[in-house]
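Remarks on the structure that follows.
The values are calculated or read from the model by the stated rules, or taken from the named source; none is laboratory data. Predicted model only: the values in this text are computed from it and were never measured. Don't worry about glycine lacking a Cβ; one is built from the backbone with ideal geometry, like all the others, and counts go over all protein chains shown. Just the protein is used for accessible areas: all its heavy atoms, side chains included, with ligands, DNA and RNA removed. Shrake-Rupley method; radii C 1.70, N 1.55, O 1.52, S 1.80 Å.
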Amino acid sequence: MHTLDDIVALLQSCENEEQFARLQEEALATTLREIGPEVHFRGLIEFSNICSRDCFYCGIRKSNKKVERYCLSAEEIIELAEWSAKQGYGSIALQSGERSDPAFIDFVEETLRQIKSKTRSAALLNGLGITLCVGEQTKETFQRFFDAGAHRYLLRIETTSPSLFRQIHPSKQSLQTRLRSLEYLKEIGYQTGTGVMIGLPGQTYEDLARDILFFKEFDIDMIGMGPYLSHHDTPMSLYAEENQKNRLHIFKKSLAMIAATRIVCPKINIAATTALQTIDPAGRIDGLRFGANVLMPQTTPPGFRRNYLLYEGKPAMDENAEETRLALEREINEIGRQVSKNRWGDSLRFYEKVRSASGSPPGK
Ligand code: 5AD
C-alpha cells in the first residue's frame, strides 16, 4: 500500500537527477514485469471540435469564436478506422468536443455500429477495439454507445482537488457529476479511463498524489494524462507566462506522474499523450520509458488537425499519418519495446477484476 507521503516522495524525485533516474528505472522494471514490453497503438480520430462546454483551459471551448468548427462525416470516420485497421493498430480512439444533443448521440451510435461491422476481418475477428472519448453523458447514452460497440471510455477527471476543479471550469460543471459519470461507465462494463492535467496553476505535489490515490481507490483501468499547456484564446491565458517559464519542470513532473501511477497501479494501461510531445519532440517515447504502454498516433487528416488545437504548439501538424506511424515504430524499437499488432490491447487490470469477480483464481 502506498500512502500519500510515499507518492509525494515519488513525484518529488523529478527535482533531483539521480532520484529521477531511479524512479524511471523502477517504473520501467514494473512495466516490463507486470505487463511486458508491448506498446499498443490506438489510431486517434479527432472527429469533431464542436463543443458545448466552456472549460477555462481548452482551446476548443465553446466561447472561442476564432476556431473553425468541423465534424467529419460517418464515411470519413469509417475510412480512418479502416485505415487504422489496415495498419495493424487493432484499436482506435474516437474523440470529439462534448455534445449531448440527440442528433450527435444518434450519429455517434450509428458510426460505432458501422465501424464494428466494417472492420471485421481474418486478423480482427471482432472488429477494431474502440475507445470512446466524447465527454459526460447520461447513463442511457453511455449504455447505447457500449451496446453499439465501444468497450473502453476515457473521461478525464482533470483534477480531484475540488477547489482546483472549480477554478478551471464554469460553475455548471462539477466534480461530483464527473465522478458519477465514471461510476456509470464502470457499472455498464466499460474499461474505464481517466486522467488529469499536470502543472495547473496552484497545483501541488500533494494534489497530484491524491489524484493517483483516486486512480487506485476507484480501481481505474486506463489513464491518459499530460502537462497543462496554455492557449492564448482561453481565460487561463492569464497564466501563459508562468506556464511557459515552467515547461521543463511541468514536463518532468508529468513523467514522474506516469512513473508513480505505474508503480501504484501496475497493471493498468497508461497512454503517453501528445501534450508530452508538445514540450519535447521525444516526449511520448520518454512517456514509454517512464511506464506508459499506449500510444495514440494521429489519424485525423492534416487539414482538420489545425482546428483541433486544445493547446498551442500541438506537434506534427503537417505530418501525414503514415509518416507518424513509421517514425513512432522505429523509435519504439530503438528503446527495446515492440508494437503489438491486430490486438485490442486491453487493460490487464480490467480482466484481473473480471476474473476475481467470477470466482476463478487469479492467473488462470
Ligand atoms: N493543455 C493540456 N491539456 C488540455 N486538455 C484540454 N485543454 C488542454 C490544455 N490547454 C485536455 C483535457 C481534456 C483532454 C481532451 O484534453 O484534459 O480532457
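Brief remarks follow.
- Interchain or long-range residues, amide H under 5 Å from residue 339's placed H: 39
- Only protein atoms count toward the accessible area here, which uses a 1.4 Å probe; on the chain, the carbon and sulfur part of that area reaches 52 percent.
- Sparse packing (at most 12 other Cβ atoms within 10 Å of the Cβ) combined with a DSSP loop state is found for the following trypsin sites (Lys or Arg not before Pro) in the stretch 142-244: 172.
- Applying a 4.7 Å Cβ-Cβ cutoff to the chain leaves 14, 51, 71, 133, 265 as cysteine residues with no disulfide-compatible partner.
- Spread over its residues, the convex hull of the C-alpha atoms of the chain is 133 Å³ per residue.
- Overall Cα dimensions of the stretch 1-119 - principal axes, largest extent first, Å: 51, 38, 26
- Projected onto their three principal axes, the Cα atoms of the stretch 65-126 cover extents of 45, 24, 16 Å, largest first.
- Pair residue 76, residue 125: separation of 7 Å Cα→Cβ label points (nm): 3.6
- Relative contact order for the chain: 25 percent, from Cα pairs under 8 Å spaced at least 6 residues apart, divided by residue count.
- Restricting the stretch 66-116 to trypsin sites (Lys or Arg not before Pro) that sit in a DSSP loop and have at most 10 other Cβ atoms within 10 Å of their own Cβ leaves 66.
- Which of 222, 31, 153, positive extreme of dipole for the chain (C-beta unit charges): 153
- DSSP beta bridge pairing in the stretch 12-169, given as percent antiparallel to the nearest 5: 5
- Three-way shape call for the stretch 237-293 based on the alpha-carbon gyration tensor, with the a/c threshold at 1.5: prolate
- When shorter helices are ignored and each DSSP H run of at least 4 residues is given -39500 (n - 2.57), the per-residue value for the chain at 222 nm works out to -14000 deg cm²/dmol.
- Length released on extending from residue 249 to residue 180, taking residue separation times 0.36 nm less the Cα-Cα span: 21.6 nm
- For the stretch 167-173, backbone phi angles converted through the Karplus equation (6.51, -1.76, 1.60; θ = phi - 60°) give residue-by-residue couplings of 5, 9, 10, x, 5, 5, 8 Hz, Gly and Pro being listed as x.
- A full extension of the chain between residue 307 and residue 323 corresponds to an added length of 3.7 nm, given 0.36 nm per residue minus the alpha carbon distance.
- For the stretch 49-127, size of Cβ-based charge dipole, Lys and Arg +1, Asp and Glu -1, in debye: 240
- Overall form of the stretch 204-330 per C-alpha gyration tensor (a/c, 1.5; a/b vs b/c): oblate
- Anisotropy class of the stretch 120-176 from Cα gyration tensor, a/c 1.5 cut: prolate
- Charge dipole of the stretch 74-119 (Cα centre as origin; +1 on each Lys and Arg Cβ, -1 on each Asp and Glu Cβ, all else neutral): 280 debye, rounded to the nearest 20.
- R0 of 41 Å, Cβ-Cβ distance residue 52-residue 117: FRET efficiency to nearest 0.05: 0.90
- Rounded to the nearest 20, the size of the Cβ-charge dipole of the chain about its Cα centre is 620 debye, with Lys and Arg at +1 and Asp and Glu at -1.
- Nearest-0.05 FRET efficiency for residue 242 and residue 21, computed from C-beta distance (R0 30 Å): 0.65
- Candidates 311, 351, 184, ranked by Gaussian network fluctuation over the chain, Cα under 10 Å, top entry: 351
- Given their separation in residues at 0.36 nm each and the Cα-Cα distance between them, residue 233 and residue 106 gain 42.6 nm when the chain is fully extended.
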